[in-house]
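First comes the structure, then the notes that go with it.
The values are calculated or read from the model by the stated rules, or taken from the named source; none is laboratory data. The shown structure was predicted, so the numbers you read here are calculated from the model rather than taken from an experiment. Every residue, glycine among them, receives a Cβ derived from its backbone with ideal geometry; neighbour counts consider all protein chains shown. What goes into the accessible areas is simple: the full protein's heavy atoms, side chains included, and nothing from ligands, DNA or RNA. Shrake-Rupley method; radii C 1.70, N 1.55, O 1.52, S 1.80 Å.
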Amino acid sequence: MCAYTHTGGLHVQRWNTDEAVEPHYDLEEVEQVLFFAELIGSLSVLGIAEIANDEELALQVLEQVKARAA
């Protein structure tokens, strides 16, 4: 992820267009990063559900993740 945000090669490539220096990310790249962020958030919720002994919440989150990944 650092390469997308902190002057890594991917970051520099995505900010150079023929006309200017500006954001230039493909929709697929944006969707991939958002899905990854969603997975990290889901893992956080699963950790909290484990601490709270809330198996129902954990199962709900897992089902949502599976549905989004399909």
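Remark: pairs (first residue in the stretch 27-51, closer than 16 Å to Q64 by Cα; second residue part of a helix (DSSP H, G or I); Cβ separation under 6 Å; 6+ apart in sequence or on different chains) = S42/V61; S42/V65; V45/V61; L46/A58; L46/V61; A49/L57; A49/A58. Within the stretch 1-56, the set of residues being touching a Pro at 6+ places or on another chain (Cβ under 9 Å) and either open to solvent by 50 Å² or more (accessible area, probe 1.4 Å) or modelled with pLDDT of 90 or more (or both) comprises just one member, W15.
Taking the stated definitions as given, is V61 open to solvent by less than 50 Å² (accessible area, probe 1.4 Å) and of a type outside the set (S, T, Y)? So V61 fits the description; yes. Counting only helices (runs of 4 or more DSSP H) that sit wholly inside the chain, those with at least 2 residues that are of a type in the set (A, V, I, L, M) are 9-14, 27-51, 55-69.
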